[in-house]
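These notes are about the structure you will find just below.
The values are calculated or read from the model by the stated rules, or taken from the named source; none is laboratory data. Computed from a predicted structure; not experimentally measured. As a convention, Cβ positions derive from the backbone with ideal geometry for all residues, glycine included, and neighbour counts pool all protein chains shown.
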Amino acid sequence: MCGILGKITFSGHHESPESFTKALRLLEHRGPDDRGCLHTTTAGEVRLTLAHTRLSILDISGAGHQPLISPRTGSTIVYNGEVYNFREIRDGLEKKGYSFSSECDTEVILAAYDAFGETAVQSLRGMFAFAIWDKERERLWLVRDRIGIKPLYYYWDGRQFAFASEVTALAALPSLQLEVSQDGIRQFLLNGYIPSPQSIFEGVRKLPPAHFLTLNLRNPEPRIQRYWSATEYYNSRDAFASREEALEALDDELSSAVEMRLISDVPLGAFLSGGIDSSLVVALMRRAHSGRLRTFSVGFSVPEWNEAPAAKRIAEHLGTEHEEFYLSEENILDAARVNSEHFDEPFADYSSIPTLALSRMTRDYVTVALSGDGGDELFWGYNSYVSKSMRLFPFLRHVPRPLRQAVGACMRLRQGSLLSDWGYRIGFSDFASFFVRPHSWLPGHYSKLHRHNGDSNRLLEIGREATAQLPQNEIDLLGGVIDLHGYLVDDILTKVDRSSMAVSLEARVPILDHRVVELAARIPIAYKTAGREQKHFAKALLEKYLPRHLWDRPKMGFSVPMAQWIRGPLKEWVCDELGSDDTHLHDWLDRNELNAMLDDHLSGRRNVRTLIWACLQLAGWDRRISRIRSAGCS
């Protein structure tokens with residue numbers, strides 16, 4: 001993996017090479033092995049900088065140095081990611097007369113662009129975010145992978161355009177007058193993360209998954225275009241004659257995706273939680289690779305949180321060299337206090353704490369690890385998909401909305417209860433507003449916590465966008481589609497990317513290979529939900545490779561007992577952090593509401609751990625950004 005950074009200045013201040021070097025250091029955890037910068041000025045006096053930090057995975061020689069310049073056209077690329085079918089693409093280009101001087105996929109991507117222009121992206125299979133400066137056409141081309149595995153932020157104010165793998169690198173460029181977005185804070189408090197394309201800063205956007213951005217210097221206005229959509233495949237679900245045929249197709253496609261991700265010139269292993277998805281990935285790794293195979297898991301001393309024994313049994317059965325690391329309360333609490341230091345935007349999914357610990361332990365042994373993320377969204381795996389509320393929705397939508405709203409208003413009088421939560425839900429206008437519901441703590445007693453409160457919910461918009469082209473009567477299908485476009489991208493994949501990259505570990509996610517996603521989308525929902533069993537189809541495939549007794553048990557979340565910690569060992573730190581005046585927290589949040597919320601939780605009247613943790617992460621993020629902005633990169 002790598003980190004990328006770039007800027008085009010049409011007018012105004014363009015930072016010095018020394019300033020870009022300082023900003024690039026903020027991405028060094030993404031690529032500690034090498035770094036490079038290209039500074040140039042166009043004929044029209046437009047200044048351009050492209051910068052890169054490298055984590056060497058393929059062809060670890062100096063031939064992989066970036067920025068990489070095409071010997072044919074003079075185009076330049078900076079690239080973060082892995083394109084697993086690069087050798088296949090290279091073979092085709094060699095038949096056209098192209099020659100190569102390295103074993104890097106970077107060189108192949110650049111050659112494919114030289115040969116095919118923007119259509120080259122259609123042939124790429126992997127995870128990627130890259131920028132190509134087309135010298136001949138005087139245009140910049142930014143691309144993000146189909147699923148959103150790799151991050152890419154950009155800034156545009158009409159005079160200057162900048163992009164980076166993480167928003168902290170943009171914050172280090174003083175010419176970008178970044179202001180914290182109050183709507184970004186609102187989205188964060190609602191969801192625990194900031195949904196695409198918004199970011200925590202005004203003027204900074206995330207390039208959405210499966211999109212590319214073109215900036216033409218002769219007419220400088222960013223143009224964004226989608227090049228792939230999963231919903232097209234959800235609308236063509238009649239391709240299989242039987243369940244067995246679909247299962248065989250999934251086996252072939254996923255096996256291929258896993259095998260492709262075993263390509264590496266550095267040590268490689270896998271995360272193994274003992275759950276369905278990671279067990280399936282490791283089982284397919286073992287089938288493709290008979291040699292040494294390393295797996296890694298993290299355990300907890302509290303039994304109800306601990307999947308490590310199950311992971312160990314699976315590792316023994318598959319014959320992997322298994323390493324497990326047990327988190328003590330002491331070291332995980334220490335990790336909790338500095339969690340915000342590893343995220344470039346406020347991020348409140350506290351399963352990032354064990355994910356960071358697992359990544360750190362794994363990096364002691366390998367540089368690349370395969371992960372099982374994506375199976376829940378593709379194969380009907382979350383509890384919310386099988387909840388009683390989902391089964392009630394088809395009946396509730398036939399009740400007139402004014403009546404539902406009136407009943408809901410009465411139910412909301414019982415603040416903090418399950419009844420109150422339902423009170424907010426039953427006033428829905430469509431499936432997205434039913435499924436993407438605000439957490440009960442924000443619209444209720446703490447609705448005035450944010451000083452700049454509004455009524456927008458970007459995740460709700462994503463849900464409506466994702467389901468607009470799908471049959472609204474297929475309730476079992478819609479939740480997974482919404483999560484694939486929202487929660488998966490901006491929570492799960494953000495957590496995996498930032499946690500692994502924090503320790504310079506590359507995490508690969510074969511279940512989210514776009515061809516696997518396309519196939520999974522075409523599998524009839526009846527196959528996935530047979531008997532309304534979660535992960536029914538994935539379990540049927542896993543059973544081919546692992547005895548059912550090794551993995552068939554209730555689903556466990558990869559999380560921590562945050563509610564108890566806030567009332568116990570973290571209490572002093574929490575109170576100090578939320579009461580401190582050395583961040584902007586009290587400029588954004590009402591101090592009285594914040595104190596009331598904390599008091600309610602500590603006294604046991606309510607469990608608002610999620611919102612408290614979000615406030616802690618917001619404060620920690622602000623402190624880190626203030627350090628970066630005051631460092632004086634000029």
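How about the range 205-229: which of its residues are part of a strand (DSSP E or B), charged (D, E, K, R) and closer than 25 Å to ALA43 by Cα?
In the first step, residues of the range 205-229 are kept if they are part of a strand (DSSP E or B); the result is 205-206, 211-216, 223-226.
Restricting the remaining residues to those that are charged (D, E, K, R) gives 205-206, 223, 226.
Of everything in the range 205-229, just one residue is part of a strand (DSSP E or B), charged (D, E, K, R) and closer than 25 Å to ALA43 by Cα, namely ARG223.
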Any idea which of (1) crowded, with 16+ Cβ neighbours inside 10 Å; (2) in a helix (DSSP H, G or I); (3) modelled with pLDDT of 95 or more; (4) in contact with a helix residue (DSSP H, G or I) (Cβ under 8 Å, 6 or more places away or on another chain) is the one THR494 doesn't satisfy? (4)
Any idea which of ALA596, ALA538, ALA520, ALA614 is surrounded by 20 or more Cβ atoms within 10 Å (Cβ to Cβ), within 30 Å of GLU179 (Cβ to Cβ) and either touching a Phe, Trp or Tyr at 6+ places or on another chain (Cβ under 7 Å) or not hydroxyl-bearing (Ser, Thr, Tyr) (or both)? ALA614
Count, please, the residues in the range 214-255 that happen to be free of Cβ contacts under 8 Å to residues at least 40 places away in the same chain and either touching a Pro at 6+ places or on another chain (Cβ under 7 Å) or over 25 Å from ALA466 (Cα atoms) (or both). 9
Could we say that PHE395 is part of a helix (DSSP H, G or I) and out of contact with any helix residue (DSSP H, G or I) (no Cβ under 7 Å at 6 or more places or on another chain) here? yes
Tell me, yes or no, whether the range 624-632 has at least one residue that is assigned to a helix (DSSP H, G or I) and small (Gly, Ala, Ser). yes
PRO195 fails exactly one of (1) out of contact with any helix residue (DSSP H, G or I) (no Cβ under 6 Å at 6 or more places or on another chain); (2) within 17 Å of GLN617 (Cα to Cα), namely (1)
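Of all residues in the range 365-396 being among the hydroxyl-bearing types (Ser, Thr, Tyr) and surrounded by 22 or more Cβ atoms within 10 Å (Cβ to Cβ), which is modelled with the highest pLDDT? If you could, list the steps in order and put the result at the bottom.
Filtering the range 365-396 down to residues among the hydroxyl-bearing types (Ser, Thr, Tyr) leaves 365, 367, 371, 382, 384-385, 387, 389.
Then keep just the ones that are surrounded by 22 or more Cβ atoms within 10 Å (Cβ to Cβ); that gives 371, 385.
On the way: SER371: 97, TYR385: 90.
Across the range 365-396, the extreme among qualifying residues is SER371.
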Quick check: anything in the range 293-303 farther than 28 Å from HIS485 by Cβ, touching a residue at least 40 places away in the same chain (Cβ under 8 Å), of a type in the set (D, E, K, R) and in contact with a strand residue (DSSP E or B) (Cβ under 9 Å, 6 or more places away or on another chain)? yes
Subset of the range 235-246 (residues that are buried (at least 18 other Cβ atoms within 10 Å of the Cβ) and either outside the structural domain of GLU506 (by TED's automatic domain parsing) or farther than 24 Å from HIS485 by Cα (or both)): PHE240
Out of (1) outside any loop (DSSP other than H, G, I, E, B); (2) farther than 27 Å from THR42 by Cα, what's the single condition that is false for SER196? (1)
Please specify each residue of the range 498-508 satisfying the condition of being within 11 Å of the chain's Cα centre (by Cα) and crowded, with 24+ Cβ neighbours inside 10 Å. SER499
Tabulated pairs, the range 597-609, first assigned by TED's automatic domain parsing to the domain that holds TYR350, second hydrophobic (A, V, I, L, M, F, W, C) and at pLDDT 90 or above, C-beta under 7 angstrom, 6+ apart or interchain: none
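Matching residues to (1) of a type in the set (A, V, I, L, M, F, W, C); (2) at positive phi; (3) surrounded by fewer than 21 Cβ atoms within 10 Å (Cβ to Cβ); (4) not assigned by TED's automatic domain parsing to the domain that holds GLU221:
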position	(1), (2), (3), (4)
SER123	no, no, yes, no
GLY126	no, yes, no, no
ALA131	yes, no, no, no
ARG137	no, no, yes, no
TRP141	yes, no, no, no
ILE147	yes, no, no, no
LEU152	yes, no, no, no
ARG159	no, no, yes, no
PHE163	yes, no, no, no
Restricted to the range 427-442 and to residues being crowded, with 20+ Cβ neighbours inside 10 Å and either of a type in the set (Val, Ile, Thr) or at pLDDT below 60 (or both), the residue nearest to LEU392 (Cα to Cα) is VAL436
Lone qualifier among LEU207, LEU213, LEU173 - being over 23 Å from the mean Cα position of the chain (by Cα), among the hydrophobic types (A, V, I, L, M, F, W, C) and surrounded by 21 or more Cβ atoms within 10 Å (Cβ to Cβ): LEU173
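From GLU118, GLU103, which residue is touching a residue at least 40 places away in the same chain (Cβ under 8 Å), under 20 Å from LEU262 (Cβ atoms) and surrounded by fewer than 18 Cβ atoms within 10 Å (Cβ to Cβ)?
Working: GLU118 fails: under 20 Å from LEU262 (Cβ atoms).
One residue alone meets the criteria, GLU103.
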Qualifying residues in the range 558-576 (those that are part of a helix (DSSP H, G or I) and touching a residue at least 60 places away in the same chain (Cβ under 8 Å)) - the one farthest from ALA310 (Cα to Cα): TRP573
For the range 522-540, which residues satisfy the criterion of being within 26 Å of the chain's Cα centre (by Cα) and aliphatic (A, V, I, L, M)? ILE523, ILE525, ALA538
Residue tally, condition surrounded by 14 or more Cβ atoms within 10 Å (Cβ to Cβ), among the small types (Gly, Ala, Ser) and in contact with a Lys or Arg (Cβ under 9 Å, 6 or more places away or on another chain), over the range 445-485: 1
Among the residues that make up the range 311-324, is at least one of them surrounded by fewer than 18 Cβ atoms within 10 Å (Cβ to Cβ) and part of a strand (DSSP E or B)? yes
Has the range 549-557 got any residue that is over 26 Å from the mean Cα position of the chain (by Cα) and part of a helix (DSSP H, G or I)? yes
